[in-house]
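Structure first, then comments.
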Amino acid sequence: MTQTRFWLIRHAVVPNLEKRIYGATDPACDTSNRALMEGTARQLPHDAVWVTSHLQRTRQTADALLETGELRPVLRLEEADLGEQNFGALQGKTWEELEQEPDFNTCDYWRIPGEVVPPGGESFAQVKARASAVYQRLIEDHGGKDIVCVIHGGTIRAALGLAMDLSPSKSLNFTIDNVSLTKISHFRINGSPEGVWRVDGLNILPLPA
């Protein structure tokens, strides 16, 4: 039996006082809370494969975690398909502004949020499909190892949806806090190509010093 352990961390908070949707855009994040970084870093394995998306907030968070101590990646990878959902024309707007948009039905969004395609963007179902393909490829390429993914709330929810065999809409039911840790494991038994998943921890907050 081969166990591949995923350590999924959402990037640090993006300063956003107006609470505008930033989605697949590329703002910087705030990694200045060293105690927060140290608390999360203490929970992570040594000698892991580290993965970020192509967006700078994930790289900045990974760098801040690695700067806290003795963690040394055996490999660092960048996977664009672990990037956050593209909300298209909705990016840069607030929910209050969207309520006034004639081309965006907020009722449909809340009724079937996993399937709605924002104008010029992508649905969460599409996010789940592309992210799931990356997780499966990481299992093929790095099976049996610890894989630390510093990514986004959306692509962590996609991992949970994959592990628990949830629909896209149900996959969105999880709270994923900034710099929290979610742990899932994949087990390949007797050479089975599919294997089985286990959720080991969800939205774990940093440990105190």
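Just a few scattered comments:
- In the set (1) among the small types (Gly, Ala, Ser); (2) in contact with a Pro (Cβ under 6 Å, 6 or more places away or on another chain); (3) on the phi > 0 side of the Ramachandran plot; (4) loosely packed, with under 15 Cβ neighbours inside 10 Å, the condition left unmet by GLY88 is number (4).
Residues are listed down the side, and each one gets a yes or a no for (1) without any contact (Cβ under 8 Å) to a residue 24 or more places away in the chain; (2) buried (at least 19 other Cβ atoms within 10 Å of the Cβ):
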{"site": "ALA12", "(1), (2)": "no, yes"}
{"site": "LEU17", "(1), (2)": "yes, no"}
{"site": "ASP26", "(1), (2)": "no, no"}
{"site": "ALA35", "(1), (2)": "no, no"}
{"site": "ARG42", "(1), (2)": "no, no"}
{"site": "HIS46", "(1), (2)": "no, no"}
{"site": "VAL74", "(1), (2)": "no, no"}
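- Scanning the range 127-159 for residues being surrounded by fewer than 17 Cβ atoms within 10 Å (Cβ to Cβ) and among the polar types (S, T, N, Q) gives a total of 1.
- Answer residue from the range 179-194, given it is more than 17 Å from ARG42 (Cβ to Cβ) and touching a Gly at 6+ places or on another chain (Cβ under 9 Å) and is surrounded by the fewest Cβ atoms within 10 Å (Cβ to Cβ) among those: ILE189
Values quoted throughout were computed directly from the atomic coordinates according to the rules given, and no laboratory measurement underlies them. All values derive from a computational prediction rather than experimental measurement. In this analysis, Cβ positions are derived from the backbone assuming ideal geometry, glycine residues included, and neighbour counts consider all displayed protein chains.
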